[in-house]
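What follows is a short report on a single structure.
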Amino acid sequence: MHRRRRTALAVLAATLVAAPLLSACGNQAHPGAAAVVGGERIEVSAVQASAADVRSAQESSPQAAQLVNKSGQLNRAKLHGLIFGRILDRAAADAGVTVTRKEVQEMRQASLAQQGGEEQFEAMMLQQRWVAPDQIDADMRQEVQLPKLARALGADLGTPAGQQAVGEALTKASKALDIDVNSRFGTWDDQKMQLGNYSAPWITQRTEFAPEQPTDA
């Protein structure tokens, strides 16, 4: 039987989950911002628009009621993704790592083929990662970016030591960005890459596209 490969984000999960809790304190110093990362604002409106794209796709699905019911923390999930994307960008830049559009498309095609077609792939991304069709490339970019970061660090994501090395690079980048989250969304944990008590789907994921159980607020 063909064994599903583990995603780069999934294989890093154990290290981040086991890390000690070091929460930053969010505040209301930036009205209208969901978070400020590296001095750049992530607007509440941007988070809401991202969540609305997912909700629209969910409502068009035959499993609409189930999908909506299981994604009660959608706004926080999308803010988490936006913050983590900037952390990964910073860590990659610090390590001299770049990602090309061709690499992203190759990753997408490989994942699509594994799922058996575009429709099945999009349905899986919506159900298990809360990713709308027009958000898939951003997700695939991270799947390319993280293992490239590991290679640049001389780390093997298949080993605890490699996971720790990448986790430390992400934590360093997170701290350097001085992340300030609006208290309505919670606080950001530099060590776990976690927003409040929201556990991102990729953290609980162990094998590629395995069912995930996000924690409800």
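The set of residues in segment 160-197 that are in a helix (DSSP H, G or I) and open to solvent by less than 60 Å² (accessible area, probe 1.4 Å) comprises G162, Q163, A165, V166, G167, A169, L170, T171, A173, S174, A176. Considering segment 146-159, the residues that are in contact with a helix residue (DSSP H, G or I) (Cβ under 7 Å, 6 or more places away or on another chain) and of a type in the set (A, V, I, L, M, F, W, C) include one that is surrounded by the most Cβ atoms within 10 Å (Cβ to Cβ), namely L149. Within segment 54-62, is there a residue that is at pLDDT below 85, more than 29 Å from E168 (Cα to Cα), part of a loop (DSSP other than H, G, I, E, B) and in contact with a Leu (Cβ under 9 Å, 6 or more places away or on another chain)? There is at least one residue in segment 54-62 that is at pLDDT below 85, more than 29 Å from E168 (Cα to Cα), part of a loop (DSSP other than H, G, I, E, B) and in contact with a Leu (Cβ under 9 Å, 6 or more places away or on another chain).
Residues that are surrounded by fewer than 19 Cβ atoms within 10 Å (Cβ to Cβ) and within 25 Å of A169 (Cα to Cα) were ranked within segment 126-140; the one that is farthest from the chain's Cα centre (by Cα) is D137.
Identify, from the list A65, A51, A77, A92, the residue that is closer than 15 Å to L146 by Cβ and either open to solvent by 80 Å² or more (accessible area, probe 1.4 Å) or under 16 Å from the mean Cα position of the chain (by Cα) (or both). Being closer than 15 Å to L146 by Cβ and either open to solvent by 80 Å² or more (accessible area, probe 1.4 Å) or under 16 Å from the mean Cα position of the chain (by Cα) (or both) holds for just one of A65, A51, A77, A92, which is A92.
Within segment 111-125, is there a residue that is open to solvent by 70 Å² or more (accessible area, probe 1.4 Å) and not in a helix (DSSP H, G or I)? The answer is no; no qualifying residue exists.
Out of all the residues in segment 193-203, is one or more out of contact with any strand residue (DSSP E or B) (no Cβ under 9 Å at 6 or more places or on another chain), small (G, A, S) and modelled with pLDDT of 90 or more? Checking segment 193-203: not a single residue is out of contact with any strand residue (DSSP E or B) (no Cβ under 9 Å at 6 or more places or on another chain), small (G, A, S) and modelled with pLDDT of 90 or more.
Against the definition (acidic (D, E), under 16 Å from I87 (Cα atoms) and open to solvent by less than 20 Å² (accessible area, probe 1.4 Å)), how does E143 come out, yes or no? Yes, satisfied.
The values are calculated or read from the model by the stated rules, or taken from the named source; none is laboratory data. These figures come from a predicted structure and were not determined experimentally. With ideal geometry, Cβ positions are generated from the backbone for all residues, glycine too; neighbour counts draw on all protein chains shown. Just the protein is used for accessible areas: all its heavy atoms, side chains included, with ligands, DNA and RNA removed. Shrake-Rupley method; radii C 1.70, N 1.55, O 1.52, S 1.80 Å.
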